[in-house]
Amino acid sequence: MKSLFLNSFLITALPICSIADPVDTTIKGVLISFSYSPSIFPDTWVAAPVNAVGETIAKSEIGRSKSVMLATMNKYPASLLKDNLRAVYFLKSMEFFKVGYGGTNSNDALYITNDGALNNYTDIYLEQTFHHEFSSILYRNYPKLLDTTAWKKANIPNFDYNDPEAGVGAIRNNESSQVLDTLLCAKGFITQYAYSGLENDLNTVAQNLFKPDEGFWEIVDKYPRIRQKVKLLIAFYNKLNPVFTEAYFRKFGE
């Protein structure tokens, strides 16, 4: 299990609903759920030391979440979603290892926090979180399709990803910024969070391929190390489905 990039929102109440809520829906064969119970998490997460807990999303956020997911998931072929993703769970907040998470993933499910646009859970944030976390599932399911040796060579010489906790440490240490950072780009990283592990680095590029922050493609064109990683990740996605080309991804930044 890994984290995304939001270091906040501890749990204060845990309303539990063990029966599927009628507002739950399905998009391209994937369950989109707004029902919370501990059973949505793998058993190993609920037990110590992970101690997974969550909080039911506000009803006022359900419609917006559905709308964002429809647009987001339409960027993927239905077959790729069906083969790799069972469910997406939306929560108001969630906590693992006593740390607030903005998003995470299991073998076949995504977990996304949405506590309202006024609290910075914007449409862009929700979509990027999906792409970020889904890229982890794809990377685990098809590890041979990404040239990780070439990926590491795109970093500055002698660099070693520094967070053995795969992102948890970055959040705890307030080193989880996802703001594009041109000072880091020359070293091969587009954000501070990308420093914390190869998978986190990959996730950060993936979220910007599908939903680019302003200036992302200018950075790709300017910094050779970033350009190399983008080419490698596009090649990975293209092996999953030929629809994924550089032209396909660039149109999302227009």
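Odds and ends about this structure:
- Just so you know, in the stretch 85-99 the residues that are more than 13 Å from M69 (Cα to Cα) and modelled with pLDDT of 95 or more include one that is surrounded by the fewest Cβ atoms within 10 Å (Cβ to Cβ), and it is R86.
- Considering T129, T104, T148, T72, the condition of being closer than 25 Å to L232 by Cα and in the same structural domain as K231 (by TED's automatic domain parsing) is satisfied by T148 alone.
- Scanning the stretch 43-84 for residues that are of a type in the set (S, T, N, Q) and crowded, with 18+ Cβ neighbours inside 10 Å gives T56, S65, T72, N84.
- Considering residues of the stretch 224-235 that are buried (at least 21 other Cβ atoms within 10 Å of the Cβ) and in contact (Cβ under 8 Å) with a residue 40 or more places away in the chain only, the residue nearest to I190 (Cα to Cα): I226
- Helices (runs of 4 or more DSSP H) completely within the stretch 38-86 that count 3 or more residues being out of contact with any Ser or Thr (no Cβ under 9 Å at 6 or more places or on another chain): 62-73, 78-84
- Remark: pairs (first residue in the stretch 59-81, over 14 Å from L31 (Cβ atoms); second residue of a type in the set (D, E, K, R) and crowded, with 18+ Cβ neighbours inside 10 Å; Cβ separation under 7 Å; 6+ apart in sequence or on different chains) = V68/E127; T72/E127.
- Conditions (1) modelled with pLDDT of 95 or more; (2) surrounded by fewer than 14 Cβ atoms within 10 Å (Cβ to Cβ): number failed by C17: (1)
Here is a yes/no grid of residues against (1) modelled with pLDDT of 95 or more; (2) part of a strand (DSSP E or B); (3) in contact with a Cys (Cβ under 9 Å, 6 or more places away or on another chain):
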residue	(1), (2), (3)
N107	yes, no, no
L110	yes, yes, no
E127	yes, no, no
H132	yes, no, no
P164	no, no, no
G169	no, no, no
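- Yes/no for L180 being under 19 Å from the mean Cα position of the chain (by Cα), farther than 21 Å from Y101 by Cβ and assigned to a helix (DSSP H, G or I): no
- For Y76, the test of being under 13 Å from the mean Cα position of the chain (by Cα) and not hydrophobic (A, V, I, L, M, F, W, C) is failed.
- Selection from the stretch 20-50 of residues that are of a type in the set (A, V, I, L, M, F, W, C), modelled with pLDDT of 95 or more and more than 16 Å from K98 (Cβ to Cβ): I27, V30, L31, I32, F34, I40
The values are calculated or read from the model by the stated rules, or taken from the named source; none is laboratory data. Fair warning: this is a prediction, and the values are worked out from it, not measured in the lab. Cβ coordinates were reconstructed from backbone atoms using ideal geometry, including for glycine residues, and neighbour counts include every protein chain displayed.
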